[in-house]
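Input: a single structure, listed below in structure tokens.
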Amino acid sequence: MDEEETAGYSEPCAQCAAVDWGLSEEGRFFCKSCHNVIERTKEVMDLTFIQGANRISTLGRKSKTETAGGRHTWMVCEGFQFILMNQADALLRLGVHPHFKDGVLRQLWRLYLQKSRQAYCVNRVRSAKFRVGDADSDSDSAAEASVASASGTDGESNPCSSPSSKGGSDWSGSADSLCYLTPRQRRSHRLLSLKKTLALIHLALVWSREALTLSDLLGLVNCGSVPYVKAHEQLPEQMKLFGKDALLFNAETVPSHRSLHKEAQDLLLFLQLPAFPPISQQTLLHPGPLSLRYLIDANLPGELHRWVCRVAELAGLFHESSQTFHPESQPTLPRYDLQAAALIIVTMKLLFGLDDHTEWELSNNARSTDGEGAQFNLRRWYKLMQTALNRAQQKRDQDTARRQWRAKKPIFMRKKEKWWIMKKKRVAEQLQMCFEKLSSQPSGPKDVTTSSFKFCWGEQKGADGPSLHHTLLDGVVGLKDDLLTPHHHSYWHSSLRPCKPRCQNHFTDLKNTLPNSFIWLLELFCFILDVKPSCLYEEVLSVERRVFAPPTDRARLRNRTETRTRHSAQTSGES
């Protein structure tokens, strides 16, 4: 295509003396050998000015934000609304029930717009420093379109279908991005962000009682099944992003499990939501079904599930009241995935000790038989899991290295930067093509799956190893007074005193004193959930406090948590 467009120009390049010209998107000639851009431009025929007449126009570096009908005025909340709906549609394509989007997520989005005074209110948020000529009336009409679309009154209509005008800002593509970047807005809960869209989706999934935990949602974001890092590329063409919009719509990393859960908890208090629908034992977010799923993924015996449920009952986590958010009785949003993994780890400590001595002694006494009636051998399971874990970690690192984090449509902070950013993009694409030809490997990750399981066990082709789910626990439990009782009677644990909320180095300080087998099991479930070990270790300590702490300490801890939650709620209400 470039050869046809540049066939009439045969002058050599002033830098490398090559005659190999290409045409950029702005219509400028550049040398394909050294990427030198010259002042020559391509003359094209424009037939859209007057019907039946021709005129010659020169394509240069002039801004294209103004069209024949003017530039569309759009609001920041409209851009995030498009991204939120695209994320919800991606989950619907993966099998989530449509009620999640139409009956729950839309209502939460409408409530957030009302609470943050961006819509559904008389006095919407305005900044005294933001003035763009006569764009106030157009901004009002754009906001009204956003309200109509969020309420679902016109289906999936385009909220940018407001009358076009010459409004907008020279510093951004949206009409009100400067309002969101003031210090006062950044300190409040009204500042929209991409992380807040994921927090809204997580709350809607919990309300709908879908079988997607927070780690599952982050896993779908990491593999690209749910748009996040490049979510702004799916915005309509009428929404031009540049300047200050990059601070709002551009994301280069995926948020961590801890930060996203904190964002959801703050949003929960800011919206002042009522009690959620109950999480019963039949709900897949309950510790019973969720722990069984993690036992299958970790290739642990199915008999271990009854012991996990008994530990959950002792910890008071089996009843639906402890799993359902309630502004009075349960003011914090449970971390269902971490809670289920912590229950499994505590159960493994009860049965096997995990003190670097007891578990290996029990493995030596276990019968080494296969088939029906085979006993679970922790040493065999450890070797099998370690091999599969190393292979899965290597595959994850390779997929992460091959993933394209840069967006195909970059957001320009300044108009003057566009030409050299596009030049760097062309150089990067050509280098990428050269490396692909040399390595004969595609640049993107191969075989991206959306399964919630990290491993595959069984005799089928491509499995990580034989399944141990059918093995028995006869070597670690036995009948005593007609009751199944573990052969191991001691249990070790760290200090059960709750640490300060801002203490992030608790696990780092204790890591050198903890047994290696316990740390390995902790890191295994951290890989399955894609969380940091310190985050899961806090949940393990929380379960141990519920099981082993005296009743007075548990009541004191519960009162301290409720007081801290009420203080956070009052702070969010005042802001």
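The values are calculated or read from the model by the stated rules, or taken from the named source; none is laboratory data. Just so it is clear, the structure is predicted and the values come from calculations on it, not from any experiment. With ideal geometry, Cβ positions are generated from the backbone for all residues, glycine too; neighbour counts draw on all protein chains shown. We work out accessible area using only protein heavy atoms, side chains counted, and drop any ligands, DNA or RNA first. Shrake-Rupley method; radii C 1.70, N 1.55, O 1.52, S 1.80 Å.
The GluC sites (Glu not before Pro) of region 258-330 that meet both conditions, a loop assignment by DSSP and at most 15 other Cβ atoms within 10 Å of the site Cβ, are GLU328. Only protein atoms count toward the accessible area here, which uses a 1.4 Å probe; on region 240-296, the carbon and sulfur part of that area reaches 57 percent. Sorting the Cα pairs of region 191-266 by distance into bins of 5 Å, from 0 upward, gives 3, 14, 25, 24, 16, 11, 5, 1 percent per bin. Projected onto its three principal axes, the C-alpha set of region 177-324 covers 58, 33, 22 Å, listed from the longest axis down.
Around the amide H of GLY243, modelled in the peptide plane, lie the amide H atoms of PHE412, MET413, ARG414, all under 5 Å away and 5 or more residues distant in sequence or on another chain.
Across the cross-link table entries LYS32/LYS424; LYS383/LYS511; LYS454/LYS532; LYS230/LYS532; LYS101/LYS196, which are compared at the Cα atoms, the separations over 18 Å belong to LYS383/LYS511; LYS230/LYS532. Can you list residues whose amide H is under 5 Å from CYS456's amide H, if they're 5+ apart or on another chain and H is modeled 1.01 Å from N? When sequence neighbours closer than 5 places are left aside, the close amide H contacts are ASP464. Along region 291-307 the Karplus relation, 6.51 cos²θ - 1.76 cosθ + 1.60 evaluated at θ = phi - 60°, assigns HN-Hα couplings of 5, 5, 4, 6, 5, 5, 5, 8, 6, 9, x, x, 5, 5, 5, 5, 6 Hz to successive residues, with x for each Gly and Pro. In order along region 115-121, the phi-based Karplus estimate (6.51 cos²θ - 1.76 cosθ + 1.60, θ = phi - 60°) of 3J(HN,Hα) comes to 5, 8, 6, 9, 6, 6, 8 Hz; Gly and Pro are listed as x.
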